[in-house]
Amino acid sequence: MTPDSTNTSAEDERGQSVHPQRPDHGQATTEYALVLLGAAAVALLLVGWATGGGNRIGSLFDSVIRSIATSVR
């Protein structure tokens, strides 16, 4: 079998796909890194709110929690 630049997957002797080579290789790693950055940002905001280290952060979370509590009732 000769290499073909249009072939998007490796094939075994039966012509079945062995390892699909997708153009989005590494996308899961990027998504994982973005989720971790988002979680770290939320964690920092929560720590700032819990320790009283910022009037704006505290006001934001107080209003969010108040809104959630009133909608649950």
Tabulated pairs, segment 37-49, first closer than 18 Å to residue 59 by Cβ, second among the β-branched types (Val, Ile, Thr) and in a helix (DSSP H, G or I), C-beta under 6 angstrom, 6+ apart or interchain: 45/57; 48/57; 49/57
Residue 69, sole failed condition from (1) modelled with pLDDT of 90 or more; (2) of a type outside the set (Lys, Arg); (3) within 26 Å of the chain's Cα centre (by Cα): (3)
Sole exception among (1) at pLDDT below 80; (2) of a type outside the set (A, V, I, L, M, F, W, C); (3) more than 28 Å from the chain's Cα centre (by Cα) for residue 53, by number: (3)
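The values are calculated or read from the model by the stated rules, or taken from the named source; none is laboratory data. If you're wondering where the values come from, they're calculated on a predicted model, not measured in any experiment. So basically every Cβ, Gly included, is an ideal-geometry build from the backbone, and we count neighbours across all protein chains shown.
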